[in-house]
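Just so it is clear, none of the values below were taken in a lab; they were calculated from the coordinates. Quick caveat: nothing in here was measured; it's all calculated off a predicted structure. Don't worry about glycine lacking a Cβ; one is built from the backbone with ideal geometry, like all the others, and counts go over all protein chains shown.
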Amino acid sequence: MRIDQITLREIHLELKEPFRISSGEIRERRILLLELRDASGAKAWSECVAGEAPNYSPETIDTAWPAIVQYLSPRVLGREVEHPGEFHEIFEKDFRGHQMAKAGVEMGAWGLAATMAQEPLSLFIGGTRAEIAVGISLGIQPSPERLVEKAREAIAEGYRKIKIKIEPGHDVEWVRAVREALGPSAHLMADANNAYTIDDAERLAGFDALDLVMIEQPLAWDDLVRHAELQRRLKTPICLDESITSLDRAQDMVTLGSGRIINIKPGRVGGFSSAIAIHDYCQSNSIPVWCGGMFESGIGRAYNVALASLPNFSIPGDVSPSARYWAKDIVTPEWTMRDGMMRVPLESPGIGVAVDEDRIAALTVRTETLRA
Ligand code: OSB
Ligand code: MG
C-alpha cells in the first residue's frame, strides 16, 4: 500500500458524566481523528488517544497533532509498504516517544490494510474471538454509598469486571464497601493512576483482604523498580498500565517482577505492532493481558475491540458500549453489550462500523490535510 493523504480532525464530544481519576477530571473529550487514504483510493479512519492534559502520559492532543504533521507524515506519505507492520520500525528509528501520535497513524495503516485486503480487522491481526468480555471503569465518586450504587448498577447491566478508581482517602474502605455489597464472587479491581508512593506499601497491603483480581498502576508512571518492591510486599497482583510503553518495558516488568498482568492500550505502546508483540510475549510467559480504554470514540473502540479478540486477552477489557460515554457516538451501529459481551464485527472488511462523516464534520473544530 501507499498512503498518499492523511487528514487530521479535532472533534469535541461531551461525556455523559464527568469522570474523575486520581490525576484529574474530564468532562469533554477533545478527540483527534485521522483519515488515511491509499493511492488506490481506499480510505480508513483511526483515532489518536492522546488526552487533553499531560496527566496520564506526557502526550496531549496538542503534542500529537504537530508530531504527526511534522515528523510522522513525511515518513508515511508516498511510501510503498508491503504490510502495515513495517511502520513500527519506520517510526521508531531516531524518533523518541510520541507513542500515541505514532499509534494513531500506525493503527490507521492497519485499518486501511484490512480494508484493502477485504478482511475484518480482527481476522487480519489474528483474532480468534467472536465476542469479547466487557468490564467497566468507575471514576472516583463523591461518597462510598454512591460508589456502591454505581457498582450495583454495573453488575445489573451485566459488566463482567468492575474497576474502581482510587486515591489516598478514597481507597481501601471504599473498595471494601463495594466488596461487602456485591459479595465474594464479583470481579473487582482498583486503579490508582500513580497516586501512591512506596511508602504507602502497608496501606496498599490493606487491599489483600479484599480479594481483588488486581491493583492497577499504584506507583509512578515510569517506575518499574518500586513496583517490583511493592509487588514483593502484596498478595494482590499488580497490573501495569502507564508504565508499559513498549515490548521492552513489558519484558522489564517480567524480569524485575514489577507486576503480573498488563493492561494493553494500543495507543500507549505505539500501535498495533507493538500491542500484538506485547500480547504474544505475555502469552508465552503466562502473563494475562486485557484491553484498557482511553474514552475513545466509536472509531478508537473499533481498534480496541479487534485487538481484544486476540487469544491472550483473557480478562474483561475497559470497552464499555458507546451509550455509556456519549449521547450519540460517531459510528453506526454504535457499540453495544449483551450479557456483558461485545460482538466483534466479522461481517464487513476493515474496522467493522460505518463512520458518520456528516456528524464528524459538524463536530470538527480544526482540520488539516497532508498530501504526498
Ligand atoms: O487508567 O485506565 C485508565 C481513562 C482515561 C485515562 C486512563 C484510564 C482511563 C479509564 C477509562 O480507566 C477506561 C474507559 O475508556 O472506559
Ligand atoms: Mg489505568
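Here are a few things to note about the model shown:
- The range 123-343, dipole about Cα centre (Lys/Arg Cβ +1, Asp/Glu Cβ -1), debye to the nearest 20: 520
- Sum of side-chain charges, Glu80 neighbourhood, beta-carbon under 11 Å (Lys, Arg +1; Asp, Glu -1): -2
- Cα gyration tensor, the range 1-130 - rounded (a/c under 1.5), prolate or oblate: prolate
- Loop-located trypsin sites (Lys or Arg not before Pro) in the range 269-332, at most 10 other Cβ atoms within 10 Å (DSSP): none
- Eligible lysines near Lys150 by straight Cα distance, threshold 20 Å, same-chain separation 8 or greater: Lys16, Lys161, Lys163, Lys165
- Relative contact order [Cα under 8 Å, 6+ residues apart], the range 258-335, whole percent: 29
- Selection of chymotrypsin sites (Phe, Trp or Tyr not before Pro), the range 23-124, meeting DSSP coil and at most 14 other Cβ within 10 Å: Phe95
- Counting beta carbons within 10 Å around each of Met337, Met116, Met189 and listing the fewest first gives the order Met116, Met337, Met189.
- For Ser320, Ser309, Ser23, the sequence from fewest to most other C-beta atoms within 10 Å is Ser23, Ser320, Ser309.
- Order of Asp248, Asp280, Asp38, Asp171 - criterion: other Cβ atoms within 10 Å of each residue's Cβ, fewest first: Asp248, Asp280, Asp38, Asp171
- Charge context of Glu59, other residues only, Cβ under 14 angstrom, K/R +1, D/E -1: 0
- For Leu138, net neighbour charge (Lys/Arg +1, Asp/Glu -1) across residues whose Cβ lies under 9 Å away: +3
- Secondary-structure-derived ellipticity at 222 nm for the chain, considering helices only, amounts to -9000 deg cm²/dmol, per-run term -39500 (n - 2.57) for DSSP H runs with n ≥ 4.
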